[in-house]
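The block underneath contains the structure these notes are about, expressed in structure tokens.
The values are calculated or read from the model by the stated rules, or taken from the named source; none is laboratory data. Because the structure is a prediction, the values reported are computed rather than measured. A quick note on method: Cβ atoms are made from the backbone with ideal geometry, for glycine too, and the neighbour counts reach across all protein chains shown.
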Amino acid sequence: MTFGELLAASILAFQRAGVAFMVTGSLASSYYGEPRATRGIDTDPGGLERLVIALQQAGLYMDRDAAIAAHVQKSQFNAIADGAAKVDFIVRRDRPFSVEEFARRQSADLLGTPGFIVSVEDLIVAKLEWASESGSEVQLRDVRSMLAVGGSTLDRTYISRWIARLGLGEMWERVRRLIRDHDPRLGPAAARRRRRMSDELTAEM
């Protein structure tokens, strides 16, 4: 089973179980920025038993006890298909940002299957938070990529509001430094664009 087939089977299982979901993580950042390999689906906490049954009926292997523990702890579990393709399911946390993030999800074509995806602004905030918790530079590079691709279309007021409320100013500053640290091979024009983007991010905070 390819990952596209796994994603389609997972989305169909969510629909059959009547459980709301959205694609997030690196699959979503690939949608908005540069491609990356890991995959995640954020799920509404309700309807877990129905979802487990629907995923198993779709031919996916999963540990029911791990899914129940993830539901209680608001963490994550996974399902594995033939060929070891895997998708992670992240149970939505009960807090203001996570609730608003989920409510703002958007419809999208996901590798040929209609579904829902986290908004780019919420993904930027989420990745800043993941970077803060894990120390991962990869998450910050994902943010840099999404900022470069999204440009002026991003709702930067919304992003700034959650950066302030979640105490992510230090991570935001690190992204700004990543933008400023240009590769000399890109030439002076690219360097000027990166400095301008960095200055814009500073002005908006």
| request: Would you check if there is a residue in segment 16-26 being in a loop (DSSP other than H, G, I, E, B) and either touching a residue at least 60 places away in the same chain (Cβ under 8 Å) or small (G, A, S) (or both)? | output: yes
| With respect to R104, is the statement that it is farther than 12 Å from Y31 by Cβ and in contact with a Phe, Trp or Tyr (Cβ under 6 Å, 6 or more places away or on another chain) true? | no
| query | Among the residues of segment 134-148, is there at least one that is modelled with pLDDT of 95 or more and in contact with an Asp or Glu (Cβ under 9 Å, 6 or more places away or on another chain)? | reply | no
| Among the candidates D88, D42, D94, which residue alone is crowded, with 21+ Cβ neighbours inside 10 Å and either closer than 21 Å to D122 by Cβ or of a type in the set (S, T, Y) (or both)? | D42
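Matching residues to (1) in contact (Cβ under 8 Å) with a residue 12 or more places away in the chain; (2) touching a Cys at 6+ places or on another chain (Cβ under 6 Å); (3) closer than 22 Å to S98 by Cα:
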residue: W130; (1), (2), (3): no, no, yes
residue: E137; (1), (2), (3): no, no, no
residue: S145; (1), (2), (3): yes, no, no
residue: S160; (1), (2), (3): yes, no, yes
residue: L168; (1), (2), (3): yes, no, yes
residue: E173; (1), (2), (3): no, no, no
| query | Can we say I159 is more than 13 Å from the chain's Cα centre (by Cα), modelled with pLDDT of 95 or more, crowded, with 18+ Cβ neighbours inside 10 Å and not charged (D, E, K, R)? | reply | yes
| query | From the residues in segment 28-47 that are in contact (Cβ under 8 Å) with a residue 40 or more places away in the chain and in a helix (DSSP H, G or I), which one is nearest to R105 (Cα to Cα)? | reply | A28
| How many residues does segment 69-97 contain that are among the aromatic types (F, W, Y) and touching a strand residue (DSSP E or B) at 6+ places or on another chain (Cβ under 7 Å)? | 2
| message | Just the residues that are farther than 11 Å from L48 by Cα, under 20 Å from the mean Cα position of the chain (by Cα) and not aromatic (F, W, Y), please, taken from segment 61-84. | response | Q73, K74, S75, Q76, N78, A79, I80
